[in-house]
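Structure first, commentary second.
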Amino acid sequence: MSSVAEERLKSLGIELPAAPPAVGAYVPVVKFGHLVVTSGQLPFVGGSLVFSGKVGGNLSVEEGSQAARIAAINALAQLRHAVGSLNQIKQIVRVEGYVNSAPGFHGHAQVMNGASNLLADVLGEAGRHTRIAVGANELPLDAAVEVVVWAEVS
């Protein structure tokens, strides 16, 4: 891991977990050429889903944002697993965010800021990215959010 990213993680009080295993019939990350794409990452901590339910229903925007942050941490773990070190990341290209939304909820962008801010905090300019933030009626395991990250690597 690059010393800069490692120091930023440490200053944020974050220790990257082992890359979470797939929960279905897919692979958690794929590298093709200079791009690495994660599968949808859920807010798992220590193997447990820590935020479930609907944002704007039983979960607040702040809780949804925290769930997105955790999912982004898991995405960083997947990227590190795929390329060996976060210093191989040249640019986070795209983040796709899916929010398990209660009817009438429209704060998807604020929820996904949890993931976007985390990536920028850890990777600096290389963590700034394009993004989509959409609402979903249901997500796997009733997760609050699902985050996919595309990264350009060395």
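Could you give the DSSP H helices of the chain that reach 27 angstrom or more along their long axis (alpha carbon positions) and whose average Kyte-Doolittle hydropathy is no lower than 0.0? Don't skip to the answer; put the middle values down first.
Values: long enough: 61-83 (33 Å, 0.29).
The qualifying helices are 61-83.
For the chain, what is the mean residue ellipticity at 222 nm derived from helices alone (per DSSP H run of n ≥ 4: -39500 (n - 2.57); sum divided by total residues; nearest 500 deg cm²/dmol)?
Theoretical 222 nm ellipticity from helices: -10500 deg cm²/dmol.
Percent of Cα-Cα pairs more than 17 Å apart in the stretch 68-153, please. Before the final figure, lay out each step's value.
Working: 1577 of 3655 pairs.
The answer is 43 percent, as a whole percent.
Here the label points at Ile14 and Ala136, each 7 Å from Cα along the C-beta direction, are separated by 2.1 nm in the simple model. Taking one quarter of the surface of the convex hull spanned by the alpha-carbon atoms of the stretch 7-115 gives a direction-averaged projected area of 7.5 nm².
Which whole-Hz couplings ³J(HN,Hα) result when phi for each residue of the stretch 139-154 is put into the Karplus expression 6.51 cos²θ - 1.76 cosθ + 1.60, θ = phi - 60°, listed in order with x for Gly and Pro? These are the phi-based 3J(HN,Hα) values: 10, x, 6, 6, 4, 5, 9, 9, 10, 10, 10, 10, 9, 8, 10, 6 Hz.
Per residue, how much accessible surface does the chain expose to a 1.4 Å probe? Answer in Å², no decimals.
Per residue, the chain has an accessible area of 47 Å².
Between Asp121 and Ala109, the modelled label-to-label distance comes to 2.1 nm, taking each label 7 Å out from Cα in the direction of the beta carbon. Largest accessible area first, the residues Tyr98, Tyr26 order themselves as Tyr26, Tyr98 under a 1.4 Å probe with ligands, DNA and RNA left out.
What is the antiparallel percent of DSSP beta bridges lying wholly in the chain, to the nearest 5? Don't jump to the answer; show the numbers that get you there.
Details: 20 of 29 bridges.
Once the DSSP bridges in the chain are tallied, antiparallel ones form about 70 percent.
Within the stretch 79-117, name every residue whose backbone N is under 15 Å away from a label modeled 7 Å from Cα of Val23 along the Cβ vector. Those under the cut-off are 98-101.
The values are calculated or read from the model by the stated rules, or taken from the named source; none is laboratory data. What you see is a predicted model, and the numbers here were worked out from it, not measured in a lab. Methodologically, a virtual Cβ is constructed for each residue, glycine included, from the backbone with ideal geometry; neighbour enumeration extends over all protein chains shown. Accessible surface is based on the protein model in full, side chains and every heavy atom, while ligands, DNA and RNA are left aside. Shrake-Rupley method; radii C 1.70, N 1.55, O 1.52, S 1.80 Å.
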